[in-house]
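Written out below as structure tokens is the structure these notes cover.
The values are calculated or read from the model by the stated rules, or taken from the named source; none is laboratory data. None of these values were measured; they are calculated from a predicted model. All Cβ positions, glycine included, derive from the backbone under ideal geometry; neighbour counts span all protein chains shown. Just so you know, the surface numbers come from the protein's heavy atoms only, side chains and all, with ligands and any DNA or RNA stripped out. Shrake-Rupley method; radii C 1.70, N 1.55, O 1.52, S 1.80 Å.
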Amino acid sequence: MGVPIVRQLKKATALPLDVHLMIDNPLEQLPWFLDAGADLVTVHAEVLDADGLARAVASIHAAGAKAAVSLKPRTAPGVLAPVVADLDMVLVMSVEPGFSGQSYIEGSEAKVARIAEMARAVGASPLIQVDGGINLKTAPLVKAAGANVLVAGSGIYGQEDRAAAIQALREA
């Protein structure tokens with residue numbers, strides 16, 4: 001979904017719009033999404049150097065939105081060091097981005113724990129979101145490591161009784 005959809009959604013709802021920019025040129029396109037009404041914007045660490053990350057976070061905040069950085073499975077948490085104190089959220093991808101239904105990559109909870117430790121060390125407390133393979137087995141692992149926002153696609157939508165699946169995941 002692009003800028004026109006964000007702009008129309010902003011007119012249609014008071015719900016916050018969380019925009020995940022899985023693009024190669026976020027510094028160029030950030031102003032478009034911010035102007036359209038994005039409330040929280042996630043950029044990928046893999047496409048920006050330390051200076052670019054800092055500029056992206058500053059631009060997002062200057063527009064009055066919340067800033068997040070996403071890390072793909074092979075990206076070390078250390079790339080967040082220059083900006084972790086300024087982040088509102090960190091998104092840990094526990095699968096390779098691309099399609100739903102993938103299995104959780106074992107050990108992703110260690111990355112969550114490291115990010116939580118890095119944030120505490122600088123007096124920050126960004127939300128830590130985990131996306132990919134979240135289910136009744138993996139949710140407790142990432143929560144115990146410090147995650148407080150879990151994205152569950154197939155774990156919910158793949159179930160016949162979605163309300164029961166959501167409740168079971170919350171209880172897990």
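Have a look at D39, D131, D24 and tell me which one the Gaussian network model of the chain (Cα, springs below 10 Å) gives the largest fluctuation.
Evaluated over the chain, the most mobile residue of the options is D24.
For segment 37-97, what is the relative contact order in percent, using Cα pairs closer than 8 Å and at least 6 residues apart in sequence?
38
How high is the relative contact order of segment 75-143? Use alpha-carbon pairs under 8 Å, at least six apart in sequence, and give a whole percent.
45
Net charge near G52, counting Lys/Arg +1 and Asp/Glu -1 over other residues with Cβ under 13 Å of its Cβ?
Computed value for this residue: -4.
Which order do you get for E106, E160, E28, E171 if you rank them by accessible area with a 1.4 Å probe, largest at the top?
E160, E106, E171, E28
Show F99, F33 ordered by accessible area, largest first, where the area counts protein heavy atoms only and the probe is 1.4 Å.
F99, F33
Counting only protein heavy atoms and a 1.4 Å probe, tell me what percentage of the chain's accessible area is made up of carbon and sulfur.
Ligands and nucleic acids excluded, carbon and sulfur give 54 percent.
Taking the solvent-accessible surface of protein heavy atoms with a 1.4 Å probe, what is the per residue accessible area of the chain in Å²?
Here the per-residue accessible area is 54 Å².
Do the alpha carbons of any pairs in K11/K137; K11/K72; K72/K143; K66/K143; K66/K111; K10/K137 sit beyond 30 Å of each other, and which pairs?
K11/K137; K11/K72; K10/K137
Give me the Kirkwood hydrodynamic radius of segment 1-103 in Å, from all C-alpha pairs, to one decimal place?
14.0
How high is the relative contact order of the chain, in percent, counting Cα pairs under 8 Å that sit 6 or more residues apart?
Relative contact order comes out at 15 percent.
Report the charge-dipole magnitude of segment 1-119 in Debye, nearest 20, computed about the Cα centre from +1 at each Lys and Arg Cβ and -1 at each Asp and Glu Cβ.
Value, rounded to 20: 280 debye.
So for segment 1-155, taking the charge dipole from beta-carbon charges (+1 Lys/Arg, -1 Asp/Glu), which of V3, V112, F33 sits furthest toward the positive end?
Final value for the positive-end residue is V112.
Put +1 on the Cβ of every Lys and Arg and -1 on every Asp and Glu Cβ in the chain; which of Q129, T42, L21 then has its Cα farthest towards the positive end of the dipole?
Farthest towards the positive pole: Q129.
Please work out which option in [x] 35, 17, 12; [y] 25, 21, 14; [z] 47, 22, 12 gives semi-axes √(5λ) of the Cα gyration tensor in Å calculated from these coordinates, and answer with its label.
[y]
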